[in-house]
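Colleague: Pasting a structure below so you can have a look.
No lab work stands behind these numbers, since they all come straight from the coordinates. Keep in mind that this is a model prediction, so the values were computed, not measured. As a convention, Cβ positions derive from the backbone with ideal geometry for all residues, glycine included, and neighbour counts pool all protein chains shown.
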Amino acid sequence: MITAPASLVLAGALLVLYPAWDAFANWLDAQKSGGLAFNKGQTFNMIVSVITAICMGIAVSLHGNAGGVLVFGSWALLAGIFQLVVGISRRKLGGQAFMMISGAQSALAGIAFIYRSFHVAPGLVQLTGYAGFGAFYFLAAALWLTFKKKRTAHAMS
């Protein structure tokens, strides 16, 4: 599915789904670490991701792949900066290096996507590397924090 030529509908749906999923992940993470009121950076990131998902649908329908990639790149840049800030602010919790690396990479990728949207906009194949690294960082952080929590609980017993 990733390497096959994609229809604009499929590409648009995936471009909308990515920031929507990010909004859900930010909401879930904030709930597990004090709530939305306590995690203002994640709350803002969640709101931006919801707005981005809506704008993505509009951009793809009006301007096709280039419009979608421009919105996607803008969101990746902004979300990456906020993810980096959240990771830095929570570094005392441990396991935040993955969030900080992911945020920095997202911001840099966002700049590249914005640039490319004005030239030859990348297709889904080129966006899969971005999504794959993001998924890897989420998994690595979740595993790190899970095992850290188990080690801490075991050491206290």
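Colleague: Find how much the distance from Phe133 to Leu28 grows on full extension, using 0.36 nm per residue of separation minus their present alpha carbon separation; answer in nm with one decimal.
Modeller: Length difference between fully extended and current span is 35.8 nm.
Colleague: Something else now. Going by Cα centres, the stretch 9-35 and the stretch 94-119 are how many Å apart?
Modeller: Result: 16 Å between the Cα centres.
Colleague: Still on this structure: Given 0.36 nm per residue, what is the gain on full extension from Ala97 to Ile58 after removing their alpha carbon distance, in nm?
Modeller: Taking Ala97 through Ile58 to full extension adds about 10.6 nm, to one decimal.
Colleague: Here's another thing I want to ask about it. On a full-extension model of 0.36 nm per residue, what is the gain between His119 and Ala104, subtracting their alpha-carbon distance, rounded to one decimal in nm?
Modeller: 3.0 nm
Colleague: Same structure, new question: Grab the alpha carbons of the stretch 38-99, take their convex hull, and tell me the volume per residue in Å³.
Modeller: Details: hull volume 4.2 nm³, N = 62.
Each residue corresponds to 68 Å³ of Cα convex hull volume.
Colleague: Now for a different question. How many nm is it between the label spots at Phe38 and Ala142, if each spot is 7 Å from the Cα in line with the beta carbon?
Modeller: Here the answer is 2.1 nm between the modelled labels.
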